[in-house]
Protein chains: 2
Amino acid sequence: MGEFDLIERFFQRPSRRAVLSVGDDCALIQPAAGQQLAISTDMLVEGRHFLSTVDPARLGHKALAVNLSDLAACGAKPVAFTLALALPRADPAWLEGFSRGLFQLADAHGCELIGGDTTQGPLNLSITVLGEVPPEQALLRHAAQAGDDIWVSGTLGDARLALEVFRGNCQVSGEVLERARVRMECPTPRVELGQALRNVAHAAIDVSDGLLGDLGHILKRSGVGAQMETAWVQGSAAVTPDVLALPWPRRLDCVLAGGDDYELLFTAPVLHRERIHALASDLEVPVTRIGRITAESGLRVMDPHGQPINRRFASFDHFNA
Amino acid sequence: MGEFDLIERFFQRPSRRAVLSVGDDCALIQPAAGQQLAISTDMLVEGRHFLSTVDPARLGHKALAVNLSDLAACGAKPVAFTLALALPRADPAWLEGFSRGLFQLADAHGCELIGGDTTQGPLNLSITVLGEVPPEQALLRHAAQAGDDIWVSGTLGDARLALEVFRGNCQVSGEVLERARVRMECPTPRVELGQALRNVAHAAIDVSDGLLGDLGHILKRSGVGAQMETAWVQGSAAVTPDVLALPWPRRLDCVLAGGDDYELLFTAPVLHRERIHALASDLEVPVTRIGRITAESGLRVMDPHGQPINRRFASFDHFNA
């Protein structure tokens with residue numbers, strides 16, 4: 001199968017919103033009047049971001065999900081994406097699964113594939129996603145304010161649990177592993193929650209490198225600090241029973257520094273607590289308050305007895321991992 | 001050097017037009033009112049699109065140039081780009097050269113780096129470029145009309161000459177090789193020409209896979225055919241003396257099917273001949289008329305004696321090369 005056949009067979013679909021889509025030198029879109037355009041790019045590499053044995057449909061889902069998660073963290077509405085794909089070979093069965101997983105998620109969010117590139121090479125997936133957000137309403141990393149609550153959506157640590165099992169660092173039942181593996185391979189980008197948090201949250205980021213590391217980005221950008229108790233790691237909507245079953249030090253690692261969660265970490269004024277619970281409940285996404293932004297810089301993590309935890313939690317860094 | 005240090009040191013620069021640039025979950029840009037957005041993505045893989053020995057500054061140039069060339073082929077004005085980069089290791093000398101070549105070209109076209117991703121992996125460069133074009137003015141592949149002249153900008157075949165030398169298929173002097181190599185490694189995207197051809201040309205494409213193959217895309221999309229004599233391959237502004245020195249069959253291959261030229265191939269009504277010569281002269285870009293669009297489908301290539309050339313010219317296909 002040649003490059004052009006491959007594109008036609010697996011990636012060409014009737015264009016909806018795009019003026020011009022897959023198949024010309026460029027795609028053309030007409031941005032909605034007055035809206036700002038939010039743009040993000042993420043690249044996934046075999047062996048680093050996913051295992052070679054991953055189900056291609058799940059990989060198609062994840063490649064787009066991690067990009068949609070960036071839009072969610074800005075409060076942007078997905079519009080379109082491009083896909084650049086390096087493949088060792090043009091394997092129809094793999095491409096069928098990959099494109100199915102990709103388009104299923106894309107369709108669920110009305111996000112249209114408008115162009116891209118395919119080439120032969122070590123497996124590499126690079127997606128650039130475009131979204132819209134009204135001016136001044138984007139959620140940004142530098143907008144946290146002293147006194148803000150710190151919130152997290154969904155659950156943390158499940159993806160890391162799966163990774164620890166694959167690395168042979170812990171053992172769980174097949175059922176537990178499968179649940180954790182779905183969270184690792186099929187993360188749920190919090191696209192609707194991100195949009196609902198416009199004008200409610202101050203700062204936001206998606207948890208991709210690990211909670212504490214990603215919180216660190218907000219603190220640095222915003223010129224503030226934070227205090228976090230860990231009672232919520234002992235039992236809350238943010239921790240699944242599977243992660244809760246882990247011994248305390250490993251659980252702390254998974255939840256606070258696990259990474260690959262693709263949940264939203266956001267800060268918001270105390271006066272919006274009720275509103276946040278209400279909008280999260282409408283969207284059926286659990287949200288948990290996990291700390292407070294402080295004027296004093298630095299991140300203080302306390303154990304359930306109020307004592308500072310001085311361990312170092314390494315966040316994921318692609319060149320120092 | 002960690003991922004975030006690497007981004008800060010080599011890729012973070014004061015943002016100009018972007019509302020928000022490198023360092024948040026998304027970049028934000030405010031599209032100019034009423035303009036359409038042209039978007040293109042190209043991925044370059046080591047060993048396939050460039051040699052491992054390439055000068056990193058030239059590679060930085062080329063990675064952006066091939067994307068700007070897609071904007072040029074649509075008549076769009078460059079605005080911004082994202083860069084996703086997989087690197088085997090964070091080598092400061094390599095990154096310094098790469099980012100220098102990249103930004104030199106970006107600055108020349110006022111095209112701002114607004115975001116991206118860096119990760120460890122086999123060397124892979126994926127760029128998504130954004131440009132603006134007034135509605136209805138984009139140059140598209142499907143707009144060729146019977147009777148149009150077929151034009152090409154610049155010179156063809158030089159990049160392929162360099163490749164043939166590297167493959168050991170022909171020998172040239174060091175001086176000739178260096179000139180051809182610069183054309184292969186540092187192509188010039190015809191950005192200004194593309195914009196000048198709005199409302200003048202009908203269809204356009206950039207020559208990346210080879211002249212005949214790329215012309216074939218226009219013919220297929222436009223539902224037309226073409227007739228091309230090859231007298232111009234015997235001597236015209238479109239063929240450098242270095243390529244002219246090649247024996248006829250190899251010269252035909254290099255010029256008609258060489259690829260990697262990144263020149264503009266476009267069709268335009270006969271009545272615009274003078275205007276096209278004038279605008280090209282203003283921009284100091286040679287343009288050459290090489291054939292005519294016909295209502296009858298199919299591509300007829302004639303030798304200088306008017307006899308049909310029946311050889312097959314294979315265009316570059318990433319999965320059948």
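The values are calculated or read from the model by the stated rules, or taken from the named source; none is laboratory data. Since we're looking at a predicted model, the values are computed, not measured. When we count neighbours, we look across all protein chains shown, and the Cβ atoms used for this are built from the backbone with ideal geometry, even at glycine.
Taken as a whole, the structure leaves A:Trp232 outside the set of residues that are over 12 Å from A:Trp151 (Cβ atoms) and either of a type in the set (Phe, Trp, Tyr) or outside the structural domain of A:Cys186 (by TED's automatic domain parsing) (or both).
Listed conditions (1) part of a strand (DSSP E or B); (2) farther than 19 Å from B:Gln195 by Cα; (3) at the interface with chain A (Cβ under 8 Å from one of its Cβ atoms) are all met by B:Ile127, apart from (3). Just one residue in the set A:Gln171, A:Gln137 is polar (S, T, N, Q), in a loop (DSSP other than H, G, I, E, B) and within 14 Å of chain B (Cβ to nearest Cβ); that residue is A:Gln137.
Within the range A:140-150, the set of residues being within 8 Å of chain B (Cβ to nearest Cβ) and among the aliphatic types (A, V, I, L, M) comprises just one member, A:Leu140.
Among the residues of the range B:187-220, those that are modelled with pLDDT of 95 or more, surrounded by fewer than 19 Cβ atoms within 10 Å (Cβ to Cβ), at negative phi and not β-branched (Val, Ile, Thr) comprise B:Glu192, B:Arg198.
Against the test of being at pLDDT 85 or above and either within 18 Å of B:Thr119 (Cβ to Cβ) or in contact with a helix residue (DSSP H, G or I) (Cβ under 7 Å, 6 or more places away or on another chain) (or both), the options B:Leu64, B:Leu28, B:Leu37 yield a single qualifying residue, B:Leu64. The single residue among B:Arg58, B:Arg100, B:Arg89 that is within 15 Å of the chain's Cα centre (by Cα), over 29 Å from B:Leu299 (Cβ atoms), charged (D, E, K, R) and not assigned by TED's automatic domain parsing to the domain that holds B:Ala268 turns out to be B:Arg58.
Residues that are closer than 23 Å to B:Arg13 by Cβ, in contact with a strand residue (DSSP E or B) (Cβ under 6 Å, 6 or more places away or on another chain) and surrounded by 23 or more Cβ atoms within 10 Å (Cβ to Cβ) do occur in the range B:88-111, at least one of them. When only residues in the range A:131-175 that are under 24 Å from A:Ala106 (Cβ atoms) and in contact with a Pro (Cβ under 8 Å, 6 or more places away or on another chain) count, which is surrounded by the most Cβ atoms within 10 Å (Cβ to Cβ)? Among those that are under 24 Å from A:Ala106 (Cβ atoms) and in contact with a Pro (Cβ under 8 Å, 6 or more places away or on another chain), it is A:Gly131. Taking the criterion of being outside any helix (DSSP H, G or I), touching a Ser or Thr at 6+ places or on another chain (Cβ under 7 Å) and more than 8 Å from every other protein chain (Cβ to nearest Cβ), the only residue of the range B:56-86 that qualifies is B:Phe81. Scanning the range B:174-192 for residues that are more than 14 Å from chain A (Cβ to nearest Cβ) and either over 18 Å from the mean Cα position of the chain (by Cα) or assigned to a helix (DSSP H, G or I) (or both) yields a count of 13. Of all residues in the range B:91-116, those being within 14 Å of chain A (Cβ to nearest Cβ) and without any contact (Cβ under 8 Å) to a residue 12 or more places away in the chain number 1. The residues of the range B:140-158 that are at pLDDT 95 or above and in a helix (DSSP H, G or I) amount to a single one, B:Asp158. Every listed requirement among (1) in a strand (DSSP E or B); (2) within 17 Å of the chain's Cα centre (by Cα); (3) over 24 Å from B:Asp25 (Cβ atoms) is met by A:Leu161 save one, (1).
Cβ separations smaller than 6 Å between residues 6+ apart or across chains give the following pairs from the range A:32-52 residues that are more than 7 Å from chain B (Cβ to nearest Cβ) to residues that are assigned to a strand (DSSP E or B): A:Ala32/A:Glu132; A:Gln35/A:Glu132; A:Leu44/A:Leu125; A:Ser52/A:Glu46. Taking the conditions (1) of a type in the set (Val, Ile, Thr); (2) buried (at least 22 other Cβ atoms within 10 Å of the Cβ); (3) out of contact with any helix residue (DSSP H, G or I) (no Cβ under 9 Å at 6 or more places or on another chain) in turn, A:Thr53 satisfies each one other than (2).
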